[in-house]
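The values are calculated or read from the model by the stated rules, or taken from the named source; none is laboratory data. Since this is a predicted model, take the numbers as computed values, not measurements. Heads up, the Cβs are rebuilt from the backbone with ideal geometry, glycines too, and the neighbour counts pull from every protein chain shown. Side chains included, ligands, DNA and RNA excluded: accessible areas come from the protein's heavy atoms. Shrake-Rupley method; radii C 1.70, N 1.55, O 1.52, S 1.80 Å.
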Amino acid sequence: MRFVIAIVLFVAALVTIGLGIAQRTILAGPDSFSTTVETGSAPITVVDGAVLNALPGTQRVTVTGSGAIFLAYGRDSDVLAWVGDLAYNHVTYEPGDAALTVRTVPGGGTDGVGETATPTPAPSAPSPTATDSADAVELVPFSGAVPDPRGSDLWVQEFEGSNELVRKINAPQGISLIIMSDGIAAAPGSLEFEWPLDNSAPASGPLLIAGILSLLAGLVVFLWALVHARRRRGPRRKHPKLPRSPQPKRLKRAPQRKELTTGQRTMAAAGGILSVSLLLSGCAVGGGVLGSGIQPTPEPTNTDIGEANDLKPTAVTEQQLGRIVGKLLDVVAQADTDKDAKLAATRLAGPALAARTASYIITKKDPKLAAIAALPAGDVALALPQQNDSWPRSVFAVIEPADSTLAPVALMLVQESPRENYKVHYLMTLEPGLVIPPVAPAQLGAVQLQADNALGLLPPDQLAEAYGDILTLGEKAEQFTQFDAETDTLRLDIGYEAKQKRKKDLPSQAKIEFTHNANVEAPISFPTNDSGQIVAVALDDIETVTPVEAGAAINAKGTVKALSGRAQSTKGFVATYGVQLLFYVPPVGGDGANSTIQLLGFSSDLVAAKEVN
């Protein structure tokens, strides 16, 4: 019987070890799934986000065409907004369908009819973000009908190649691809999508361990059976019988052979049950692998904050904003070096552009004069994008300079339309030692407040005029007590006392008049967590110097001379200083530190100078 048990254990070991090895070799499923699709004749192809997330894991996209290839990805709504009414091939996938669908959407946004189908797997949960890079390939200039997509701020990432472009894009839900050639020819015609499959065999390890244990147990039982057999075959000697001594009565016990047989049966039963259990468990775990090769996964759940809480999506993601600011810093630095106002205009607008344009003119005419402060290189330390799925869009950001001796810089960026890039409208250096009040996280963003809202001590569209009165009139200004004077260093330079000193320093033949106007640039306001507001406004601080007596002349100096192009005038000069201001406006009813409006940052530069008319 011992030999029978050993044979059973050996067979169980052979079966379990064999099955464990087979699950990792001949029974293992494929390690990836791929499908291809042929696109249409439109110059643009848009691949819907549902296609990318038809299976979990990093998506490997292969684009094959003839010539230049451009590929970028961004949020579904942003990609379609950039395409607008242009004709495009739309690759989509609906859960439950067995094929990808390609429709050609003609110009004007009307849905097309043509379809192309290829096998497609079932959908699953989204994956985290993606990163990859490609060697830049110079593309043929895009036609006037199709704008150049390269460098658009809507893209999370973009790549270029020639003839074939392969990229891994670990895109989450809601991300679409845009694929083009040169904007004239049809978009690359062949697309292949590949996802990794989980072909691991979780039961393989337990089966191998159980098989080894079963093999060892079989060896032990086999050796035990051999020893027992040798003992039974040994010599037996007869000894003379001796008289029996009296024995006390005792309980009878079962014969030795019967006891051993019972134990062997118990061991055999236990071994059989163990082997059968392992075999059944191995088959159950391996069922998914032997069947479709894809383990079932739950339906994806939408965790997008905007949709989950009925909020609009943020204007940009943190990753997008990092790329935007990086490109912006490069462009502005180059524009400062070349004194190129046209180049600066590709990334600046409004008061920020006016200040640099004037500085370029001034320093070209007189290189000895100081140039405008450079925009320091650094990382985005604070990001507050607007909750907005349309245009225009705004973003508030703070750059922490890599050079710790420089002060942080606050930016207000605006994107006017899908095909325009973000431009800095306000650019202000933060006051030293001040801390911007807490705001919503970048993933959530915030609603941009109306310029005339009455949630704070003053509406945003009244701040510039009120602060201008303080600079011109001092304590006589109506809203003087509503602004914090202790941390306001700008007043030391252009405030009431500084203006009075300017009057005294003028020669007796001249007089100066100070006026101000709110700049035409609209205020930009975002809420803070304490119900206050961060507001950027612009003020035109104007100085008019005229002669006291007829025939007397006014001499222009420095920046006014360079910008006006005149050294002397009998009429006088008007100099306009563009003052960009960043305020914290506390809510109505605020107390303590939140009872007055605080100047968080500013910039003041000469933006215009001319002879008095």
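Excluding ligands, DNA and RNA, what is the solvent-accessible area per residue of region 484-597 at a probe of 1.4 Å, expressed in Å²? Can you show the working numbers first?
Numbers: 5490 Å² over 114 residues.
I get 48 Å² per residue for this part.
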Taking a probe of 1.4 Å and leaving out DNA, RNA and ligands, region 309-367 shows per residue an accessible area in Å² of 44
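Could you please put Glu194, Glu465 in sequence from largest to smallest accessible area, using a 1.4 Å probe? Show your work: numbers first, answer last.
Working: Glu194 45, Glu465 80 Å².
So the residues, ranked largest to smallest area, are Glu465, Glu194.
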Residues meeting the amide H criterion for Leu457 (H placed from the backbone, H to H distance under 5 Å, 5 or more places apart or on another chain) are Val588
Once all protein chains are kept in place, Glu475 shows an accessible area at probe 1.4 Å, nearest 10 Å², of 150
For region 485-533, the Cα-Cα pair-distance distribution in 5 Å bins from 0, as whole percents, is 4, 14, 14, 14, 19, 13, 9, 6, 4, 2, 1
Expressed in nanometres to one decimal, the distance between label points 7 Å along Cα→Cβ at Lys342 and Glu94 is 5.1
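Suppose all protein chains stay in the model; what accessible area per residue would a 1.4 Å probe give for region 36-110, in Å²? Please report the intermediate quantities before stating the final value.
Details: 2360 Å² over 75 residues.
Here the per-residue accessible area is 31 Å².
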In whole percent, the Cα-Cα distances of region 304-386 spread across 10 Å bins from 0 upward as 16, 37, 26, 14, 6, 2
For region 145-231, the charge dipole (Cβ of Lys, Arg +1; Cβ of Asp, Glu -1; about the Cα centre) points to a positive end, and the Cα of Pro196, Ser181, Gly161 closest to that extreme belongs to Pro196
Note, region 317-323: 3J(HN,Hα) by Karplus (6.51, -1.76, 1.60, θ = phi - 60°), whole Hz, Gly/Pro = x, goes 8, 4, 5, 4, 4, x, 5
The base-10 log of I(q)/I(0) that the Debye equation returns for region 25-96 at q = 0.11, 0.14, 0.17, 0.19 Å⁻¹, one scatterer per C-alpha, is -0.36, -0.55, -0.77, -0.94
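Starting from the alpha-carbon convex hull of region 181-228, give the projected area averaged over all orientations, in nm². Please report the intermediate quantities before stating the final value.
Numbers: hull surface 22.1 nm².
So the Cα hull casts an average projection of 5.5 nm².
To the nearest 0.05, how large is the calculated FRET efficiency for Ala229 and Ser32 if R₀ is 45 Å and r is the Cβ-Cβ distance?
Values: r = 56 Å, r/R0 = 1.24.
Once rounded, the FRET efficiency stands at 0.20.
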So, for the Cα atoms of region 457-557, Rg and Dmax in Å stand at 16.6, 59
Projecting the Cα atoms of Pro408, Pro376, Ser394 onto the charge dipole of region 369-439, where Lys and Arg contribute +1 and Asp and Glu -1 at Cβ, the residue farthest towards the positive end is Ser394
Taking only protein heavy atoms and a 1.4 Å probe, the highest-to-lowest accessible-area order of Phe3, Phe396, Phe480 is Phe3, Phe480, Phe396
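Could you please state how large a percent of the accessible area of region 36-92 is carbon and sulfur, counting protein chains only and using a 1.4 Å probe? Write down the numbers at each step before the final one.
On the way: 760 of 1440 Å².
About 53 percent, which is the carbon plus sulfur part of the accessible surface.
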Once phi for every residue in region 152-167 is put through the Karplus expression 6.51 cos²θ - 1.76 cosθ + 1.60 (θ = phi - 60°), the whole-Hz ³J(HN,Hα) values, with Gly and Pro written as x, are 5, 6, 6, 7, 6, 8, 9, 9, 9, x, 9, 6, 8, 10, 10, 9
The equivalent-ellipsoid semi-axes of region 514-613, taken as the square roots of five times the Cα gyration tensor eigenvalues and listed largest first in whole Å, are 39, 13, 10
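Provide Rg over Rh for region 413-519; use the alpha carbon set for both Rg and the Kirkwood Rh (inverse mean inverse pair distance).
Ratio of gyration radius to Kirkwood radius for region 413-519: 1.05.
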For region 473-533, whose charge dipole is built from +1 on Lys and Arg Cβ atoms and -1 on Asp and Glu Cβ atoms, the candidate among Ile512, Ala522, Leu490 with its Cα farthest towards the positive end is Ile512
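Can you list the GluC sites (Glu not before Pro) in region 524-613 that are in a DSSP coil and have 15 or fewer other beta carbons within 10 angstrom? Working shown, then result.
Working: sites: Glu543, Glu549, Glu611; in loops: Glu549.
Hits after loop and neighbour filter: Glu549.
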The Cα extents of region 411-461 along the principal axes, largest first and rounded to whole Å, are 36, 29, 24
Rounded to the nearest 10 Å², the accessible area of Thr92 using a 1.4 Å probe with every protein chain kept is 30
Per DSSP, the loop-located trypsin sites (Lys or Arg not before Pro) within region 146-234 having at most 14 other beta carbons within 10 Å are Arg150, Arg233
